[in-house]
Amino acid sequence: MLTKRIIPCLDVDRGRVVKGVKFFDHVDAGDPVEQAKRYQAQGADELVFYDISASHEGRGIMAETVSRVVEECFMPLTVGGGIRTIDDATRLIQAGAEKVSLNSAAPKNPDLIAQVARKFGRCATVLAIDANRITGDDGREQWKVFINGGRVNTGIDVMDWVKQGESLGAGEIVLNVMNADGTRNGFDLEMTAAVSDAVKIPVVASGGAGSPQHMYDVLDKGHADAALAASIFHFGTYTVGDVKAFLAERGVPVRIV
């Protein structure tokens, strides 16, 4: 049985780790290298870095920060934010990233997913989705894909996009549900389960982790392959080890350090 992964997420803004609620009201959460070293010591399976304002501000990718982290840490690193071209993705892989995460540029240019997959393989190609529950003109709830740090509604249906992303070559999906992001009230189990059941590639749940129970729930009821969290780890509420011990006690296969 494959182990379930626990993945801290570092949202980086101009070289500092930050954390907000529903993508806004960010507070400083430390130096990325020091945070990465701490999570490696705690037994994190992977680390995700997002440059959260690169796409919105039109800035370049953070290859320098990636290089600093990989000099100190040896766990797999996924990096996203500001990746607009295959050259951007190449620079991050060359800097030491194991995977690149495509978000805002992908709905504008879906072929970018295929380009990255062809050059680096599915295993290095992550499709990150900022999903939002909104009410349509007909009064019904819709699940839509947002870009540019949650500022722009693409109008694309989440379920259509995950299937298209898989067909284009994405080897993993990170589903971040904006309505839950940073609230610590739990993951969106309904949407996560729907996405996990719709594709054959791994799905990483993101947005809303507030306790080990929430992570257990999304791995169980949400059918996720991994759970990603930020706030509960950054501010010391729980360690990665705390979460893994909780999961292991309940029969969830995890890698214990």
TODO: Mind listing just one residue for me: the one in the stretch 239-257 that is surrounded by fewer than 15 Cβ atoms within 10 Å (Cβ to Cβ) and β-branched (Val, Ile, Thr) and, of those, nearest to Arg5 (Cα to Cα)?
DONE: Ile256
Open item on the list: Yes or no: the stretch 174-182 includes at least one residue that is modelled with pLDDT of 95 or more and farther than 21 Å from Phe49 by Cβ.
Closed with: no
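Of all residues in the stretch 114-151, which are among the aliphatic types (A, V, I, L, M) and not in a strand (DSSP E or B)?
Ala114, Val116, Ala117, Ala124
Pick from the stretch 196-223 the residues that are under 20 Å from Phe49 (Cα atoms) and among the aliphatic types (A, V, I, L, M): which of them is surrounded by the fewest Cβ atoms within 10 Å (Cβ to Cβ)?
Residues of the stretch 196-223 that are under 20 Å from Phe49 (Cα atoms), as a first pass: 202-210, 215.
Narrowing further to those that are among the aliphatic types (A, V, I, L, M): 203-205, 209, 215.
On the way: Val203: 24, Val204: 26, Ala205: 34, Ala209: 32, Met215: 29.
So the residue we want is Val203.
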- [ ] Determine which member of the set Gly15, Gly20 is modelled with pLDDT under 85 and either among the hydrophobic types (A, V, I, L, M, F, W, C) or within 30 Å of Ile156 (Cα to Cα) (or both).
- [x] Gly20
Open item on the list: Could you check the stretch 199-220 and list, in sequence order, the residues that are within 19 Å of the chain's Cα centre (by Cα) and not hydrophobic (A, V, I, L, M, F, W, C)?
Closed with: Lys200, Pro202, Ser206, Gly207, Gly208, Gly210, Ser211, Pro212, His214, Tyr216, Asp217, Asp220
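Inspect the stretch 124-140 for any residue being farther than 15 Å from Asn176 by Cα, touching a residue at least 24 places away in the same chain (Cβ under 8 Å) and touching a strand residue (DSSP E or B) at 6+ places or on another chain (Cβ under 9 Å) and give the result as yes or no.
Keep residues of the stretch 124-140 that are farther than 15 Å from Asn176 by Cα, which gives 124-125, 135-140.
Now drop any that are not touching a residue at least 24 places away in the same chain (Cβ under 8 Å), which leaves 124-125.
Subset that is touching a strand residue (DSSP E or B) at 6+ places or on another chain (Cβ under 9 Å): 124-125.
Yes.
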Task: Check on Pro212, in contact with an Asp or Glu (Cβ under 9 Å, 6 or more places away or on another chain), without any contact (Cβ under 8 Å) to a residue 60 or more places away in the chain and either closer than 25 Å to Ala124 by Cβ or among the acidic types (Asp, Glu) (or both) - done: no
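Using the structure shown, decide if Glu166 is surrounded by fewer than 24 Cβ atoms within 10 Å (Cβ to Cβ) and within 17 Å of Val48 (Cα to Cα).
Working: surrounded by fewer than 24 Cβ atoms within 10 Å (Cβ to Cβ): yes; within 17 Å of Val48 (Cα to Cα): no.
Against the criterion (surrounded by fewer than 24 Cβ atoms within 10 Å (Cβ to Cβ) and within 17 Å of Val48 (Cα to Cα)), Glu166 does not qualify.
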- [ ] Check Thr154, Thr78 and return the single one that is surrounded by 14 or more Cβ atoms within 10 Å (Cβ to Cβ), touching a Lys or Arg at 6+ places or on another chain (Cβ under 6 Å) and assigned to a strand (DSSP E or B).
- [x] Thr78
TODO: Kindly establish whether Gly236 is of a type outside the set (D, E, K, R), within 23 Å of Ser104 (Cα to Cα), modelled with pLDDT under 95 and surrounded by fewer than 21 Cβ atoms within 10 Å (Cβ to Cβ).
DONE: no
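The values are calculated or read from the model by the stated rules, or taken from the named source; none is laboratory data. Please read these numbers as outputs of a predicted model, since none were measured by experiment. Backbone-built Cβ (ideal geometry, glycine too); neighbour counts: all protein chains shown.
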